[in-house]
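The values are calculated or read from the model by the stated rules, or taken from the named source; none is laboratory data. The model shown is predicted, which means the values in this text are computed figures rather than measured ones. Positions of Cβ are backbone-derived with ideal geometry, glycine not excepted, and every protein chain shown enters the neighbour counts. Each accessible area value is taken on the protein alone, full model and side chains, heavy atoms only, with ligands, DNA and RNA left out. Shrake-Rupley method; radii C 1.70, N 1.55, O 1.52, S 1.80 Å.
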Amino acid sequence: MKSSLTIAIPLYNEEDGVENLYKELNKEIQYLQEFVDLNIVLVNDGSTDRTQELLESFFKDDLFQIITHKKNLNLDGFLRTSISMCSTDYVAFLDSDCTYSPKLITEMLKILNTDIDVINASPWHPDGCVVGLSKFRQFVSKFANFIYRTILNKKVYTSSSILKLYKLETIKDIEIKSNGFVAITELFCKTLLKNTNYVEFPCQLTVRIYGNSKIQFTSTVFNHLKFILQLLLLKIRSKN
């Protein structure tokens, strides 16, 4: 019997990219369904543009489920909503701008087995690549991920990528305390602290073509620094 998978996708003021997301997902659906019973959840995170209207226009098939936050809860709110409502064996998180291609999830499923708790998309892996990101942003991201790798003491080259495929039972009880983009890293790091089985999946990350990035650079850096301190304390406690 096939395992079941939910792909959860956050959208906040993404009217320019909804049609492209629909096209990219539909290219891959039949291949994904060869491996799993598939459910796709689109979380409209308090958008104030035409995102909701366009989601309802394009994603009419029963395969898709649209969830609407009345106000913007950011990526931490998206993760909490997605995990709490998920009832499948696995859940994967994918950005709506397709900077990580949906095709990568199919490739992940090809290597998935019941012993694996998380597959981590890793553009900073030696066999991965990043296209179009400025040298400064590359340096900051690589440095932050180096710090996480050092604290975790595991061969994890990318902790901050949204594209990860989790065994649901592994993350169901994890409390997410960080705000915004750092919540993605927090969920992953706390999963690894449970001595779970993980796979680093080298991949390509590109810059977005449609719409604008929602990342607020200064606050994200501050939140990473804050979580790094929390992670150090968690690591110390886990040894005692």
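Per residue, the convex hull spanned by the Cα atoms of segment 1-61 amounts to 69 cubic angstrom. Listed by chain and number, the aspartates and glutamates placed with their C-alpha closer than 13 angstrom to that of Lys27 are Glu19; residues fewer than eight positions away on the same chain are left out. Summary value for segment 18-111: 38 percent relative contact order, contacts being C-alpha pairs under 8 angstrom separated by 6+ residues.
Taking the Kirkwood radius as Rh and the Cα radius of gyration as Rg, the chain has a ratio of Rg/Rh equal to 0.94.
Accessible surface for the chain, divided over its residues, is 50 Å² per residue with a 1.4 Å probe.
Between the alpha-carbon centers of segment 85-157 and segment 3-52, tell me the distance in whole angstrom. Spelled out, the Cα-based centre of one part sits 18 Å from the other. In the assembled protein chains, Glu19 presents an accessible area of approximately 90 Å² (probe radius 1.4 Å). The helix-only estimate of mean residue ellipticity at 222 nm for the chain, built from DSSP H runs of length n ≥ 4 each weighted as -39500 (n - 2.57), is -13000 deg cm²/dmol after division by the residue total. Given the options Ile184, Ile162, Ile209, which has the most mean-square fluctuation in a GNM of the chain, springs set between C-alpha atoms less than 10 angstrom apart? Of Ile184, Ile162, Ile209, the Gaussian network model singles out Ile209 as fluctuating most.
If contacts are Cα pairs under 8 angstrom and at least 6 residues apart, what is the relative contact order of the chain in percent? Across the chain, relative contact order equals 24 percent. Within the same chain, aspartates and glutamates fewer than 8 places from Lys177 are excluded, and of the rest, those with a Cα less than 20 Å from its Cα are Asp45, Asp76, Glu169, Glu186.
Residue order by solvent-accessible surface for Val130, Val41 is Val130, Val41, largest first, with ligands and nucleic acids left out and a 1.4 Å probe.
By a 1.4 Å probe calculation restricted to protein chains, Cys129 has an accessible surface near 50 Å², given to the nearest 10. Extension gain, Ile209-Lys2: 0.36 nm per intervening residue step, less the Cα-Cα distance, totals 71.0 nm.
Within segment 132-215, the proportion of Cα pairs with more than 20 Å between them is 38 percent. Using a probe of 1.4 Å on the protein chains alone, the accessible area found for Asp97 is around 30 Å². Note on exposure: Leu229, Leu133, Leu75 ranked by accessible area (1.4 Å probe, complete protein assembly) read Leu229, Leu133, Leu75, with the most exposed listed first. In terms of accessible area, using a 1.4 Å probe and ignoring ligands and nucleic acids, Arg237, Arg50 rank largest first as Arg237, Arg50.
With both labels modelled 7 Å from their Cα along Cα-to-Cβ, the Ile228 to Tyr31 distance reads 3.7 nm. Rolling a 1.4 Å probe over the protein heavy atoms of segment 107-240, with every protein chain left in place, gives an accessible area that is 57 percent carbon and sulfur. Of Lys23/Lys167; Lys172/Lys235; Lys142/Lys167; Lys110/Lys155; Lys164/Lys194; Lys23/Lys190, which pairs sit farther than 24 Å apart, going by alpha carbon to alpha carbon? The pairs that break the limit, which is 24 Å between Cα atoms, are Lys23/Lys167; Lys142/Lys167; Lys23/Lys190.
For segment 159-214, what relative contact order do you get, as a whole percent, if you take Cα pairs closer than 8 Å and at least 6 residues apart? So the answer I get is 33 percent. Comparing Tyr12, Tyr22, Tyr198 in a Gaussian network model of the chain where C-alpha atoms under 10 Å apart are linked, the largest mean-square fluctuation is found at Tyr22.
Here Lys71 is the anchor, and the lysines within straight C-alpha reach of less than 16 Å, apart from those fewer than 8 places off in the same chain, are Lys214.
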